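Trainee: Here it is: the structure, laid out below.
The values are calculated or read from the model by the stated rules, or taken from the named source; none is laboratory data. Not measured: the values here are computed from a predicted model. Cβ coordinates were reconstructed from backbone atoms using ideal geometry, including for glycine residues, and neighbour counts include every protein chain displayed.
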There are 2 protein chains.
Amino acid sequence: GINDDVTHTSLDFDPAFDIESDDIVRAMFWGLGSDGTVGANKNSIKIIGEETPFYAQGYFVYDSKKAGARTISHLRFGSNPIHSTYLIHRANFVAVHQFVFLERYNVLDNAANGATFLLNSPYGPDEVWDQIPRPVQEQIIEKNLKLYVIDAAAVAKETGMGARINTIMQTCFFAISGVLPQDEAIAQIKHAIQKTYGKRGEAVVRKNYAAVDSALAHLHEISVPDQATGSIQKPPPVPAAAPEFVQAVTAKMIAGDGDMLPVSALPADGTYPTGTTQWEKRNIGLEVPVWETDLCIQCGKCVMVCPHAVIRSKVVEESALEGAPAGFLTMDAKWRELKGQKYTLQVAVEDCTGCTLCVEVCPAVDRQNPERKAINMHPQLPLREEGRQNWDFFLNLPEIDRVDTLKFTNVKNSQLLEPLFEFSGACPGCGETPYISLVTRLFGDHAIVANATGCSSIYGGNLPTTPWSQNKDGRGPAWSNSLFEDNAEFGLGMRLTIDKQSIYVRELVDRLRGEIGDDLADSLLSADQSTEAGIIAQRERVVALKDKLVNAATPAEKDLLSLADMLVKKSVWIIGGDGWAYDIGYGGLDHVLASGRNVNVLVLDTEVYSNTGGQSSKATPLGAVAKFAASGKPNDKKDLGMMAMSYGTVYVAQIAMGASDSQTMKAILEAEAYDGPSLIIAYSHCIAHGYDMAQGMNQQKLATQSGYWPLYRFNPEWRAQGKKPLKLDSKAPKIPLEDYMYNENRFRMLTKSNPERAKKLLADA
Amino acid sequence: GINDDVTHTSLDFDPAFDIESDDIVRAMFWGLGSDGTVGANKNSIKIIGEETPFYAQGYFVYDSKKAGARTISHLRFGSNPIHSTYLIHRANFVAVHQFVFLERYNVLDNAANGATFLLNSPYGPDEVWDQIPRPVQEQIIEKNLKLYVIDAAAVAKETGMGARINTIMQTCFFAISGVLPQDEAIAQIKHAIQKTYGKRGEAVVRKNYAAVDSALAHLHEISVPDQATGSIQKPPPVPAAAPEFVQAVTAKMIAGDGDMLPVSALPADGTYPTGTTQWEKRNIGLEVPVWETDLCIQCGKCVMVCPHAVIRSKVVEESALEGAPAGFLTMDAKWRELKGQKYTLQVAVEDCTGCTLCVEVCPAVDRQNPERKAINMHPQLPLREEGRQNWDFFLNLPEIDRVDTLKFTNVKNSQLLEPLFEFSGACPGCGETPYISLVTRLFGDHAIVANATGCSSIYGGNLPTTPWSQNKDGRGPAWSNSLFEDNAEFGLGMRLTIDKQSIYVRELVDRLRGEIGDDLADSLLSADQSTEAGIIAQRERVVALKDKLVNAATPAEKDLLSLADMLVKKSVWIIGGDGWAYDIGYGGLDHVLASGRNVNVLVLDTEVYSNTGGQSSKATPLGAVAKFAASGKPNDKKDLGMMAMSYGTVYVAQIAMGASDSQTMKAILEAEAYDGPSLIIAYSHCIAHGYDMAQGMNQQKLATQSGYWPLYRFNPEWRAQGKKPLKLDSKAPKIPLEDYMYNENRFRMLTKSNPERAKKLLADA
Ligand SMILES: Cc1ncc(C[n+]2csc(CCOP(=O)(O)OP(=O)(O)O)c2C)c(N)n1
Ligand SMILES: Cc1ncc(C[n+]2csc(CCOP(=O)(O)OP(=O)(O)O)c2C)c(N)n1
Ligand code: SF4
Ligand code: SF4
Ligand code: SF4
Ligand code: SF4
């Protein structure tokens, strides 16, 4: 039910109203994004629906976070056909597959009186009760729940199932839910295992059987005390330091209660505050990097590649370090210009996804022990508390002065710039986000972003939180997503609007120069904003201008006051994936590139439609297996860069951060500086490519070294200067194409399913 | 009112119902597409609405024919505000600006009793009555009309107004309609002339004044006899030979009575018969070409360029000429292979638009008299009757055998092929249609066409008639128009459907080979249809197949019978303008080109959105003045060909028939033969370019000679054969760009409005 307290058009309803008959088994399962809960539940439905006389129904609730998000499965079983609305409100079975959820979500709110509660717990039957937060204890007692626990992770490990707890939890469900008599239930599970794994051999089947048996052996009913005794309280969903809106609205959504928010709580114009991912500590990294000051050369590569902007560095005066937590590490800064200052590298351990990319790119290796680098992965839990304190202290250290210290044109220096895109919900190790972070480091405080639908719109702007953030002055990218297909036009509209408004505001400055004063008017109108210093100076002039207009009374004065910020340069970014740029939004992209307008297009090229599960796009390379290209894409990747270059008036670059972070930097800086349309095609590794994302940056390097992904920049300005407009930034292929391609499952798949064709396509490529 | 006699949902209405007050002047004006009637009426509204206390209203009815179509203006004037529905049903003033309309339309059906009837007549006051068709006479008498005539053409000529009769007819309207007292009316017209032409100098104003005065002097009231005496009858709108549907439906629309057709008269599935322009003799060419057998070299160039497929040639045995009309000219055929046969070149004088393109391209000049060529323009009227007879005889002569006579790979031979696109309503001298005609000569009987919205969809398929036609066997292109933006996808859908159906029908042939017989089945399945002979042979096999299936009973047999025609090769053509291909449909076009499917894309590149009046597209060249590019297009023409070539798998050609008709032939043949997507970009001169269309083909030549429009062909097959895939077919520029550009007003305009910028842009170009 919607609670429309604004237009009052919603109907009242009784949340307790329920006409479901009691002989239906209503089961709710709380799982984590990729822990297999949803899959196991679908399998249960299949077993019961197909192999028994019972009827089954299932609904699955999950958001679009790429990893580490909660899933809730709502399953119904019964001996009569099920005619029911979607979600369960009175469950007679609740399973919580992740113990931490007890602290985060109200997992028992929908448990019916006398229901069965199955809990996956790292704590044994004897200690578990005390580890359950007190409010949950109270609910268990009040609702007369039957409590069962199992340490599924331990069982999985012991029976050789690795981290996969799904079969174990499914077994427990069958054992205690009463859908089927226990014996029959177990027989059915084993039958299903035989069906699924039979062709993989007897050993696999036996391993799974063992897991089932062991699950039953380790499942314990806990006798519930009469009174809640626990000392653990549920922490608030967001820290007390979070701003009001986050407390009032975002927190509710984070806690899973967004549906309860009244309409009035939502911003009327759809504008949401940015920088909200920082309040959603997900703690999904099992291991996080730990810094070794004896080895670090301060190159900044780890900072640059982190997909989640979780590892950061600052250089500060020693004095700023006063009051630092005990374990807060620093070392002398290795910059001529910053001599005598201190360098520190910190990790937001609660936001780190444990993807390992940073460690992989770290070039500083211990000669004594080549396994040890200047950063190394260590288990997160023991580091959490100390990490949190260090991070908080780190955040409060001053940011680098952007004008008077360094030139931010290389990786080493740019690591010190604050990213305004952080802690996104992208997949751990995502290849897209490092480019976005970098853009925000460089231009974030005057950027405006049009984002195509795709992964980047999901991790970029899906409720409850957004990674697009702000600096201390409250400046940061303005961001919006319109559609998949119209993003280029959407961004062009932003540019046209800004241009129109600047023309008008400049006209006003000129018209009102009597009041403003000639000096200020002239300097406002002639400002050179090609550098950061120029922009900052202009911002100061705008402040002065606004001061003069405090008593604005005439329409012209009021217009000038309201538009004054348009005197400051804005950087327009049009961002999207290859599905957008090569396929569905290409007509518009082409039109925008032809328009001659000053926009910067960043194509995050994963070579497939990643967000919807890896469908083939025109960017998919020859021979790669993708959805709709199951036997390998039969034709070549479209040469988007060449098409754009054919205009002669478009800045075009092809980049791959893992192949050359310095070329990436150059291209992004040049694209932004070019007074016309720019197109940057950025190689982005992706889980759809089928290999461990920790190798993402290494694969990028191989892609370039094998000639698969040449790096280049095409700058129309160079032609105007009498130079060749096209610079090839990578060398002739020095490794065979296979060395790149066959590391990735998308290419390898065909060698298995159709080796003949694979060979032919490799030769064509 | 709609007469819905199918679902009976329309309401009955009384056509005579009328609540208009009698003190409103209700005037109807019948004019011809470009004779200035609509403009003059808009001007009258302005005069009366702005300069007098009266109120005015105007509605204008015209179709989308490019030239030679009827316009009807409905004007109301009165001393009270006018609240009225659109069209006039009881006019108290009717003006007919074209005498021929008396024969064609029911111009007086809406005249009220006692109304005034103004007629522009080439006949003087004494003879005019007898020239009026009898039914019109009867209406004049019955309705007590006051009849006025004027020979506006003569007055225009005499007063130096050339062919422009609009001011003269407007004067007559003001003089006799009674909207204003005559003196005041004349004063107002002169005032308006002063305002409009004042700045062009006293002489122009005086000339217009003279026309006004002369109009009044030559306006005669005719005293109407008591009885109709005329001998002239109104001919039927279409000849009696026309097929039933044309008689029953098309003819009504041609006569302007389409609104009266009951719903049941229209095809339920929207399929209309093709080849219907032949029944709509428009007679709009004032002059038509006349053939001189002493000079003709039978090159066929005139046949190839005619935008309306009006001038045609055949080669026949002498015996076939028996019974030819007296003036039917022939000469010995100049083909080695057709020795002893007769060549004839004929013009459909009633369909010729008088554009002169044919004469311009004719290379055969009389040495004695260089003004005289093998074809020359002569007034149409005296040639009409004889021409009609010759044409009818010509049509009945046998068509050339497409298999056993000649190879139709050059212009000279291909002129003998029957076009299946004829007498279109395109502008006289259109640069688009010759390409379409040629395609239909070559592949028309197995072509299927997806047409983008644009000029080509308007002259191609707007009711009442369509130029897409059929050969004697009833075979011709199947044609449809979906939208402006989705045409490439629309055509791809046709291809996919055909491919799917062929796969299925081939499967059926194989499955049913028992019934069909192995021989027939094998030959059906292995047929080589790369040549016309192959296609014809396959058609014969399909006939044999259908014979075997007369008693089809099983579902498979029935399917095979219904799909048997899909065993014959189909040629898919995707046709549209540059606005479609470069701009609004480009996203889809790109996708289709990337699809690898066997479709042929023909881009009729007029370098502007022609159909909507000449807006700038991405095909518009640098410096050209167009709508939305009033100060000259600031950037270069998009290189669509290059973009398509970047795939490496698309056949791409850039052609210009006027520059090289043989290269045009080659490209079209190769494109069709290529088993993959083909893109042909065809330079199409257009009235939007601002020069006399008679020079269209000459301008095409200059475009190529100046290097503005290079001719090339890119064939992926050549690469497979180890050759270079790209052939440049035109030579290095041999004339300066200005020699081409400044013949066209679109380029010249800027030299007048902004010579500095023009110079700069020319240098850039
Ligand atoms: C018109 C339209 N079609 C389909 C979708 C569904 N959709 C959303 S995101 C997406 C894939 C985006 O792929 P890509 O542009 O390559 O970006 P990526 O996810 O790889 O970053 C699709 C197909 C949509 N939103 N709109
Ligand atoms: C989506 C859409 N936008 C606009 C129109 C209006 N429209 C009809 S034809 C046309 C111009 C076609 O130009 P072009 O493709 O160059 O063909 P040409 O008329 O020059 O042959 C336009 C804008 C339309 N039909 N559909
Ligand atoms: S492990 Fe991944 S998410 Fe964590 S700091 Fe390193 S790069 Fe960032
Ligand atoms: S990549 Fe390694 S050496 Fe470089 S800054 Fe990071 S930790 Fe230090
Ligand atoms: S004048 Fe024009 S329409 Fe007439 S025959 Fe010649 S080319 Fe065709
Ligand atoms: S172009 Fe001239 S010479 Fe050639 S066929 Fe036509 S009339 Fe004859």
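Trainee: Checking the condition more than 9 Å from ligand 4 (Cβ to nearest atom) and in contact with a helix residue (DSSP H, G or I) (Cβ under 6 Å, 6 or more places away or on another chain), which residue from A:Cys302, A:Cys352, A:Cys362, A:Cys306 passes? Even if it seems obvious, please write down each step before you answer.
Mentor: Numbers: A:Cys302 fails: more than 9 Å from ligand 4 (Cβ to nearest atom); A:Cys352 fails: in contact with a helix residue (DSSP H, G or I) (Cβ under 6 Å, 6 or more places away or on another chain); A:Cys362 fails: more than 9 Å from ligand 4 (Cβ to nearest atom).
The conditions single out A:Cys306.
Trainee: Go through the range B:305-319 and give me each residue that's near ligand 6 (Cβ under 10 Å from one of its atoms) and over 23 Å from B:Asp404 (Cβ atoms). If you could, list the steps in order and put the result at the bottom.
Mentor: Filtering the range B:305-319 for residues near ligand 6 (Cβ under 10 Å from one of its atoms) gives B:305-306, B:311, B:313.
Matches in the range B:305-319: B:Val305, B:Cys306, B:Ile311.
Trainee: Separate question: Name the pairs whose Cβ atoms lie under 8 Å apart, with the first residue in the range B:279-292 and under 13 Å from B:Glu350 (Cβ atoms) and part of a strand (DSSP E or B), the second within 16 Å of ligand 6 (Cβ to nearest atom) and of a type in the set (Phe, Trp, Tyr), and 6 or more positions between them or separate chains?
Mentor: From residues that are under 13 Å from B:Glu350 (Cβ atoms) and part of a strand (DSSP E or B), there are no pairs.
Trainee: Which of the residues spanning the range A:405-429 are over 21 Å from A:Gly474 (Cα atoms) and more than 16 Å from ligand 3 (Cβ to nearest atom)?
Mentor: So the first thing to find is which residues in the range A:405-429 are over 21 Å from A:Gly474 (Cα atoms), and the list is A:405-413, A:425-429.
Once the filter is applied, which keeps residues that are over 21 Å from A:Gly474 (Cα atoms) and more than 16 Å from ligand 3 (Cβ to nearest atom), the range A:405-429 yields A:Thr405, A:Leu406, A:Lys407, A:Phe408, A:Thr409, A:Asn410, A:Lys412, A:Asn413.
Trainee: Restricting to the range A:559-591, what's the tally of residues that are assigned to a helix (DSSP H, G or I), away from every other protein chain (no Cβ under 11 Å) and farther than 27 Å from A:Cys686 by Cα?
Mentor: Qualifying residue count for the region: 9.
Trainee: Sort out which residues of the range B:622-636 are more than 10 Å from chain A (Cβ to nearest Cβ) and surrounded by fewer than 23 Cβ atoms within 10 Å (Cβ to Cβ), and write them in order of number. Don't jump to the end; show me each part of the working.
Mentor: Initial filter on the range B:622-636 (more than 10 Å from chain A (Cβ to nearest Cβ)): B:622-633.
Scanning the range B:622-636 gives B:Leu622, B:Ala626, B:Lys627, B:Phe628, B:Ala629, B:Ala630, B:Ser631.
Trainee: Counting only residues that are away from ligand 3 (no atom under 14 Å from the Cβ) and within 17 Å of the chain's Cα centre (by Cα), how many does the range A:274-311 have?
Mentor: 6
Trainee: Right, here's the next one. Would you confirm whether or not the range B:720-727 contains a residue that is within 14 Å of chain A (Cβ to nearest Cβ), surrounded by fewer than 24 Cβ atoms within 10 Å (Cβ to Cβ) and at positive phi?
Mentor: No.
Trainee: Filter the range B:405-449 down to the residues that are buried (at least 24 other Cβ atoms within 10 Å of the Cβ) and β-branched (Val, Ile, Thr), then identify the one that is farthest from B:Glu670 (Cα to Cα).
Mentor: Per the criteria, the residue is B:Thr433.
Trainee: Does A:Ala653 qualify as being more than 14 Å from chain B (Cβ to nearest Cβ), assigned to a helix (DSSP H, G or I) and over 20 Å from A:Ile584 (Cβ atoms)? Write out each step before concluding.
Mentor: Working: more than 14 Å from chain B (Cβ to nearest Cβ): yes; assigned to a helix (DSSP H, G or I): no; over 20 Å from A:Ile584 (Cβ atoms): yes.
Considered against the rule, which asks whether it is more than 14 Å from chain B (Cβ to nearest Cβ), assigned to a helix (DSSP H, G or I) and over 20 Å from A:Ile584 (Cβ atoms), A:Ala653 comes out as no.
Trainee: Within the range A:445-546, considering only helices (runs of 4 or more DSSP H) that don't extend past its boundaries, which have at least 1 residues that are in contact with a strand residue (DSSP E or B) (Cβ under 7 Å, 6 or more places away or on another chain) and modelled with pLDDT of 95 or more?
Mentor: Values: elements: A:455-461, A:487-511, A:513-516, A:518-526.
The qualifying helices (runs of 4 or more DSSP H) are A:455-461, A:487-511.
Trainee: For the range A:696-712, does any single residue satisfy the condition of being surrounded by fewer than 23 Cβ atoms within 10 Å (Cβ to Cβ) and assigned to a strand (DSSP E or B)?
Mentor: Checked the range A:696-712: at least one residue is surrounded by fewer than 23 Cβ atoms within 10 Å (Cβ to Cβ) and assigned to a strand (DSSP E or B).
Trainee: Being away from ligand 3 (no atom under 16 Å from the Cβ), under 24 Å from the mean Cα position of the chain (by Cα) and surrounded by 21 or more Cβ atoms within 10 Å (Cβ to Cβ): is that true of B:Thr271 here?
Mentor: Values: away from ligand 3 (no atom under 16 Å from the Cβ): yes; under 24 Å from the mean Cα position of the chain (by Cα): yes; surrounded by 21 or more Cβ atoms within 10 Å (Cβ to Cβ): no.
Judged against the criteria, B:Thr271 is not a match.
Trainee: Select, from B:Asp23, B:Asp14, B:Asp63, B:Asp4, the only residue that is of a type in the set (D, E, K, R), touching a Ser or Thr at 6+ places or on another chain (Cβ under 8 Å) and closer than 30 Å to B:Ala268 by Cα. Steps first, please.
Mentor: Values: B:Asp23 fails: closer than 30 Å to B:Ala268 by Cα; B:Asp14 fails: touching a Ser or Thr at 6+ places or on another chain (Cβ under 8 Å); B:Asp63 fails: touching a Ser or Thr at 6+ places or on another chain (Cβ under 8 Å).
Residue meeting the stated conditions: B:Asp4.
Trainee: Only one of these conditions is not met by B:Pro677: (1) closer than 30 Å to A:Pro716 by Cα; (2) within 14 Å of chain A (Cβ to nearest Cβ). Which number is it?
Mentor: It is condition (1) that B:Pro677 fails.
Trainee: Which of the residues spanning the range B:372-400 are modelled with pLDDT under 95 and not in a helix (DSSP H, G or I)?
Mentor: If the condition is that a residue be modelled with pLDDT under 95 and not in a helix (DSSP H, G or I), then B:Pro379, B:Gln380 are the ones that fit.
Trainee: While we're here: For A:Thr612, state whether it is more than 12 Å from chain B (Cβ to nearest Cβ), surrounded by fewer than 24 Cβ atoms within 10 Å (Cβ to Cβ) and assigned to a loop (DSSP other than H, G, I, E, B). If you could, list the steps in order and put the result at the bottom.
Mentor: Details: more than 12 Å from chain B (Cβ to nearest Cβ): yes; surrounded by fewer than 24 Cβ atoms within 10 Å (Cβ to Cβ): yes; assigned to a loop (DSSP other than H, G, I, E, B): yes.
Taking the combined requirement at face value, the residue satisfies it.
Trainee: Can you tell me how many residues in the range A:466-489 are within 15 Å of ligand 1 (Cβ to nearest atom) and either surrounded by 21 or more Cβ atoms within 10 Å (Cβ to Cβ) or more than 25 Å from A:Gly425 (Cβ to Cβ) (or both)?
Mentor: Residues in the range A:466-489 being within 15 Å of ligand 1 (Cβ to nearest atom) and either surrounded by 21 or more Cβ atoms within 10 Å (Cβ to Cβ) or more than 25 Å from A:Gly425 (Cβ to Cβ) (or both): 5 in total.
Trainee: On to the next question. Please pick out the residue among A:Arg541, A:Arg597 that is crowded, with 16+ Cβ neighbours inside 10 Å, away from chain B (no Cβ under 13 Å) and closer than 30 Å to A:Ile498 by Cα.
Mentor: Numbers: A:Arg597 fails: away from chain B (no Cβ under 13 Å).
A:Arg541 is the lone residue from the list that is crowded, with 16+ Cβ neighbours inside 10 Å, away from chain B (no Cβ under 13 Å) and closer than 30 Å to A:Ile498 by Cα.
Trainee: Same structure, new question: crowded, with 21+ Cβ neighbours inside 10 Å, touching a residue at least 60 places away in the same chain (Cβ under 8 Å) and in contact with a strand residue (DSSP E or B) (Cβ under 7 Å, 6 or more places away or on another chain), is that true of B:Leu397?
Mentor: Working: crowded, with 21+ Cβ neighbours inside 10 Å: no; touching a residue at least 60 places away in the same chain (Cβ under 8 Å): yes; in contact with a strand residue (DSSP E or B) (Cβ under 7 Å, 6 or more places away or on another chain): yes.
Considered against the rule, which asks whether it is crowded, with 21+ Cβ neighbours inside 10 Å, touching a residue at least 60 places away in the same chain (Cβ under 8 Å) and in contact with a strand residue (DSSP E or B) (Cβ under 7 Å, 6 or more places away or on another chain), B:Leu397 comes out as no.
Trainee: Please go through the range B:725-739 and give me each residue that is of a type in the set (D, E, K, R) and over 13 Å from B:Tyr651 (Cα atoms), ordered by number. Before you say what the answer is, go through the steps one by one.
Mentor: Initially, the range B:725-739 is screened for residues of a type in the set (D, E, K, R), giving B:727, B:729, B:731, B:734, B:738-739.
Residues satisfying the conditions are B:Asp729, B:Lys731, B:Lys734, B:Glu738, B:Asp739.
Trainee: Just to check your reading of the model, which residue among B:Glu322, B:Glu287, B:Glu292, B:Glu350 is farther than 18 Å from B:Cys430 by Cα, away from ligand 6 (no atom under 11 Å from the Cβ) and either surrounded by fewer than 23 Cβ atoms within 10 Å (Cβ to Cβ) or of a type in the set (Val, Ile, Thr) (or both)? Full working, then the answer.
Mentor: Details: B:Glu287 fails: farther than 18 Å from B:Cys430 by Cα; B:Glu292 fails: away from ligand 6 (no atom under 11 Å from the Cβ); B:Glu350 fails: farther than 18 Å from B:Cys430 by Cα.
The unique qualifying residue is B:Glu322.
Trainee: Of all residues being part of a helix (DSSP H, G or I) and closer than 18 Å to B:Val599 by Cβ in the range B:637-650, which is nearest to the other protein chains (Cβ to nearest Cβ)? Just the residue, please. Spell out how you get there, then give the answer.
Mentor: First, the residues of the range B:637-650 that are part of a helix (DSSP H, G or I): B:640-645.
Keeping just the survivors that are closer than 18 Å to B:Val599 by Cβ gives B:640-641, B:643-645.
Values: B:Leu640: 9, B:Gly641: 9, B:Met643: 5, B:Ala644: 9, B:Met645: 9 Å.
Across the range B:637-650, the extreme among qualifying residues is B:Met643.
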